[in-house]
Amino acid sequence: MICEIKQEIVNRLEELYPNHYIYDEDVPQKFKTPSFMIHLILQDYEKRMNAKYKSQLNFDVAFFSDKDDTEIKEDCLKVQENLFRNFDFLKTVRVLNKQAEITDNVLHFSFEVGYSEMIDKPETKMETHELNTNI
């Protein structure tokens with residue numbers, strides 16, 4: 001499920017910024033800007049009744065601008081505003097608790113995504129045994 005949600009994040013970023021590079025977790029050797037990097041920060045996973053589970057994922061999407069030093073802050077603020085306005089729903093999940101912070105000329109847009117799932121487990125049945133009571 002995590003891979004599907006990450007792909008939905010990539011799809012939304014591609015919709016909003018088709019000319020930007022998008023990286024997943026690792027910084028490549030030939031890092032190009034403008035770009036986004038998606039990090040899964042934290043996952044909370046809890047069991048509910050029967051085979052039901054609930055999960056909360058925390059993501060950080062970092063934006064790296066290609067502008068010069070005098071324009072980076074303004075560019076980050078524009079991207080921040082656009083992400084806040086257009087990142088409410090992904091295809092299958094809702095985005096919650098959005099926050100943004102600019103640190104060292106990098107915008108960090110963080111948010112939470114929650115989902116529930118039901119895992120099919122093989123049925124366990126009791127075996128029947130014959131009891132011999134002849135003494």
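The values are calculated or read from the model by the stated rules, or taken from the named source; none is laboratory data. This one's a predicted model, so the numbers in the text were calculated from it and none came from an experiment. Cβ coordinates were reconstructed from backbone atoms using ideal geometry, including for glycine residues, and neighbour counts include every protein chain displayed. Protein only, heavy atoms only, side chains kept; ligands, DNA and RNA dropped before computing areas. Shrake-Rupley method; radii C 1.70, N 1.55, O 1.52, S 1.80 Å.
Across the protein chains, with a 1.4 Å probe defining accessible surface, the residues E127, E8, E46 rank E127, E46, E8 from largest area downward. Computed about the Cα centre, the dipole magnitude for the chain is approximately 420 debye when only Lys and Arg (+1) and Asp and Glu (-1) carry charge, each at its Cβ. Measuring r between the beta carbons of V10 and T70 and using R0 = 35 Å, the FRET efficiency lands at 0.70. With an 8 Å cut-off on Cα pairs and a minimum separation of 6 or more residues, tell me the relative contact order of the chain in percent. Relative contact order, the chain: 22 percent. With an a/c value of 1.5 or above and a/b not larger than b/c for the gyration tensor axes a ≥ b ≥ c computed over the alpha-carbon atoms, the range 2-43 is described as oblate.
Placing unit charges on the Cβ atoms of the charged side chains and taking the dipole of the chain about its Cα centre, the candidate lying farthest along the positive direction among F111, N50, M1 is N50.
Beta-bridge orientation, the range 1-133: approximately 90 percent antiparallel, per DSSP, counting only bridges with both partners inside.
Surface listing: M37, M1, M49 arranged by accessible area from highest to lowest gives M49, M1, M37, probe 1.4 Å.
Cross-link pairs exceeding 23 Å in C-alpha to C-alpha distance, out of K54/K98; K30/K78; K32/K98; K73/K98, comprise K30/K78; K32/K98. For the chain, the longest principal axis of the C-alpha atoms and the axis of helix 2-16 are separated by about 30°.
In this view, the solvent-accessible surface of D60, computed with a 1.4 Å probe and all protein chains in place, comes to about 20 Å². Each residue, K78 and E127, gets one label point 7 Å from its Cα in the Cβ direction; the gap between the two is 7.1 nm. Karplus-derived 3J(HN,Hα) values for the range 86-101, using 6.51 cos²θ - 1.76 cosθ + 1.60 with θ = phi - 60°, are 10, 10, 7, 10, 9, 4, 10, 9, 9, 8, 10, 6, 6, 9, 9, 8 Hz; glycine and proline are entered as x. Spin-label pair N58-F89: with each label point 7 Å from Cα along the Cα-Cβ axis, the two points sit 2.7 nm from one another. Compared with the alpha-carbon gap, the fully stretched path from I22 to L40 is longer by 5.1 nm at 0.36 nm per residue. Rg and Dmax of the range 1-117, based on Cα coordinates, read 15.2, 56 Å.
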